[in-house]
Structures are given as structure tokens and as C-alpha cells.
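S.K.: Dropping a structure here in C-alpha cells format, bear with me for questions.
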């Protein structure tokens, strides 16, 4: 069974691009337009837990920071690696992302090869030295 990646983004275009590039890299992908939908899905009896979560900050209903906090405060979800993928490029947003528990902060626009490389690094399929310091991304995921 392939690893499951959960994507939460209010943009249908971003969800589609991420789903296609991750499917091509042999991941299963489940997409949601907002955090409430994703949390509802996770509360079903015995849901398949994702290996990794990619989410935007600027979501409707609850923002991405709240989604991260939800994951990090639930014992069954706390181990899931979280990548924030957003258009917000400020240092304050990066700091808030780190403080709420996200491992990586990437900004839009993005390259699909960067997404796949970061996902593979988080799920242990590549070595960190293969990740280049490009597109405002550093090894620890923050500048």
C-alpha cells in the first residue's frame, strides 16, 4: 500500500497540481478544501492516517495554524509530518508555523520537484543532502 498524503488547500488548482505530482511519485493523495472537512474525515471510525500533511495557512473556517495545532494536540496524529505551503512569505508567518508545530514551510509559487523532494525527505525516502537550498527552503524547513 502506498503512503497517504493529505492536502488541505482552498485552491482547486493547487490541490490538483499536488495530487497529480504526488500520484506520479507513487503516493496516494486525499484532498480537502478546508480544515474542517479534513478533521471530519479523520474522526470517522478507523480512518487511514496520512503519513504527511501539506496545507495552506489561509483557509476558510479555520486557518492552517489551527489545523496544525489540532494535529499536534491529538496523540494519534502528533507524529504526522506537516508541511505548510502558502503564499505568505513573511518571517512572522514562518515563526508562527514553527511554533505551532509544522516541520517545513514552503512558499507559493512552488515547483513540483521541490514538493516531491520535501515529501520524500519527511517520509524517509531520500537523504537530506539531496535537498537543495532553493526557493527559500532550507534544510530545517525554515529560513
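S.K.: For segment 20-29, name all the residues that are over 19 Å from residue 109 (Cα atoms) and in contact with a strand residue (DSSP E or B) (Cβ under 7 Å, 6 or more places away or on another chain).
M.R.: Scanning segment 20-29 gives 23, 27, 28, 29.
S.K.: Quick one: how many residues across segment 1-35 are within 14 Å of residue 119 (Cβ to Cβ) and part of a helix (DSSP H, G or I)?
M.R.: Selection size over segment 1-35: 8.
S.K.: Here's another thing I want to ask about it. Can you name the residue in segment 1-19 that is without any contact (Cβ under 8 Å) to a residue 40 or more places away in the chain and either surrounded by fewer than 17 Cβ atoms within 10 Å (Cβ to Cβ) or out of contact with any strand residue (DSSP E or B) (no Cβ under 9 Å at 6 or more places or on another chain) (or both) and is also farthest from residue 65 (Cα to Cα) among such residues?
M.R.: Top of the filtered list is 1.
S.K.: Has segment 47-63 got any residue that is over 22 Å from residue 114 (Cβ atoms) and buried (at least 20 other Cβ atoms within 10 Å of the Cβ)?
M.R.: No: segment 47-63 contains no residue that is over 22 Å from residue 114 (Cβ atoms) and buried (at least 20 other Cβ atoms within 10 Å of the Cβ).
S.K.: Please go through (1) in contact (Cβ under 8 Å) with a residue 12 or more places away in the chain; (2) over 15 Å from the mean Cα position of the chain (by Cα) for residue 77 and return the number of the only condition it doesn't satisfy.
M.R.: (2)
Only the coordinates and a few stated rules stand behind these numbers; no lab work does. Computed from a predicted model, the values in this text were never measured in an experiment. As a convention, Cβ positions derive from the backbone with ideal geometry for all residues, glycine included, and neighbour counts pool all protein chains shown.
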